[in-house]
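Nothing in this text is a laboratory measurement; each read-out follows from the coordinates by a stated rule. All values derive from a computational prediction rather than experimental measurement. We place every Cβ from the backbone using ideal geometry, glycine too, and count neighbours over all the protein chains shown.
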Amino acid sequence: MFDVYPVPLWLTEGTNLTLDCQASAIPTPTISWLQDFELINTTAVDCSDLELTSDPVICLNGSLIIVNVDVSAVGYYTCVADNGVDGVSQVSVSVDVGPATTEVTGTHTHTMNMNTTVCCRASVTTCSN
């Protein structure tokens, strides 16, 4: 079981957010995601061949993907792993979104323990008027 204080992430409006959550145990845990302590109610899908929409998508590998983030993506995201035997483990990340003001390219990865990694990749270029 692990509980970690939220890791803060700041994203530029219009970028894509990928939060990876990996947990291992026997039996294999089920991964679910919460936004602001409310269950993100969607069925996990194979994301290797997926046309992404602006709705949050949970992948079969446990990742949460949100395309073209806006202020509705602001909040606390919690990955919950439960195998029905060892109890529930969770890890959270705090996401804030601001307007695009400059060119940003980068990847942020934060390892919370040996079984859980939260990764955010963002790339955006602001167009001049």
Order these peptides, 11-24, 38-51, by their mean beta-carbon neighbour count within 10 angstrom, highest first.
11-24, 38-51
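Just to verify a number: FRET efficiency for Asp96 and Ile26, C-beta to C-beta distance, R0 = 25 Å, to 0.05?
In this case the efficiency is close to 0.10.
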Residues whose built amide H sits under 5 Å from the amide H of Asn83, excluding neighbours closer than 5 in sequence, are Thr30
